[in-house]
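Here is the structure we will look at, set down as structure tokens.
What follows draws every value from the coordinates through simple rules; no lab data is involved. Because the structure is a prediction, the values reported are computed rather than measured. Here the Cβ is made from the backbone with ideal geometry for all residues, glycine too, and neighbour counts use every protein chain on show.
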Amino acid sequence: MDMPHGTARRRDRRAGRRVTPARTPRTGGFHHGTRHGPRRRVLAAACLASILGGAGPASAGSAAQPGQSVGLPTGAQIPHGLYFITASNFGVRDTAPGVTPLNVNTATLAWATPWDLLGARVQLFAGIPFSAIGPQDRGWQSGVGQPLLAGQLAWDLGGDVGFSYLLGGYLPSRTGFTTQVPSLTHRFALSYVGNDWNLTGHLFYGHFLGDRPPPGVATYPDYLNLDLTATKKFGKWQVGAVAFASTDLPTGVAGYRSQGQVAVGGLVGYNFGPVNLQAFVTRDVIDRNYGGRDTRAWLRAVIPLYQDRQEAAPGRTLVTREQSR
């Protein structure tokens, strides 16, 4: 579930990733909302966590924000219905001599269809992010990121275990401080949702299409993200631990410095009935070529616009009775 974000990597990952300035000055750059020369362009492009990523002698990007799906049982079948999922996160990366704040907002429609394919429930998603960044304590820039369209197959494996595969596409964007070229996202999730637990591992593989990034960008690296969730329900409350990791894959570009990160945090959620609210805070414990570590606060609301309440597990908006027995 993207929750494009996303990033959102939904471009969502881009906000967690930082493009590192080259050892030699860059030429060209990102042109929308950047008016302070090549260095500013690098910093802006570098820090868009849910909309950007990259490193090395030129800017790069990825489409899915690391951590965008933590807290969600992404391997499980969603009860039949239509859902609106809105998420916002705000964080600051310690990019000495200043800091780089980044805000990422995503809105997603999720439809758990009445159809099955290959024994799996068909689930469809459409989302779009809007992000704002203030590179090195300077003026804020904002823009709409890459829309995401995706389809997912979700299998109930029995024993309260679910597995899903999602195939999605990020559409091109003209916002200069985000990734701009189209890409494919493949996502594999495994969830245990029995006894009020949500134990989920969610692996992202992103692949950019074409071989001609915008001016000033050496390459967009393919990437891997891993989102991890271990939470438990206590009545209407949900508490637990979350973590995520991300890494660039080899690019073949000389001098390119691959980026990566590992972050951990805690989550608290409450089910208000029509709205399921989650809040969590994460902090990088490892970063590679980001120029500093990121501390980020997240807020997510899941709102059923229509739901088969006979199928939904009591007090669990995104889990079926069949899976959570």
Practice problem: Pop a pseudo-label 7 angstrom from the Cα along the beta-carbon direction at both A279 and V262 and give the gap in nm to one decimal. | Solution: 2.9
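Which of H202, H186 comes first, and how do the rest follow, when ranked by fewest Cβ neighbours within 10 Å? Mind showing how you got there, number by number?
Values: H202 25, H186 13.
If I rank by nearby Cβ atoms, fewest first, I get H186, H202.
Which order results if D248, D156 are arranged by neighbouring Cβ count within 10 Å, fewest first? Can you show the working numbers first?
On the way: D248 25, D156 18.
So the residues, fewest neighbours to most, are D156, D248.
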Quiz item: For T295, what is the net charge nearby, where nearby means another residue's Cβ is under 13 Å from its Cβ and Lys, Arg count +1, Asp, Glu -1?
Solution: 0
Self-check item: ³J(HN,Hα) computed for each position of the stretch 295-305 - Karplus, 6.51 cos²θ - 1.76 cosθ + 1.60, integer Hz, glycine/proline x
Solution: 10, 9, 10, 10, 9, 9, 10, 10, 10, x, 7
Quiz item: How big is the gap, in Å, between the Cα center of the stretch 243-291 and the Cα center of the stretch 79-128?
Solution: 14
Quiz item: Between T295 and L203, what is the label-to-label distance in nm when each label sits 7 Å out along the Cα-to-Cβ direction?
Solution: 3.4
Practice problem: Mark the label point 7 Å from the Cα of D196 along Cα→Cβ and return the residues of the stretch 240-258 whose backbone N is within less than 14 Å of it. | Solution: 240
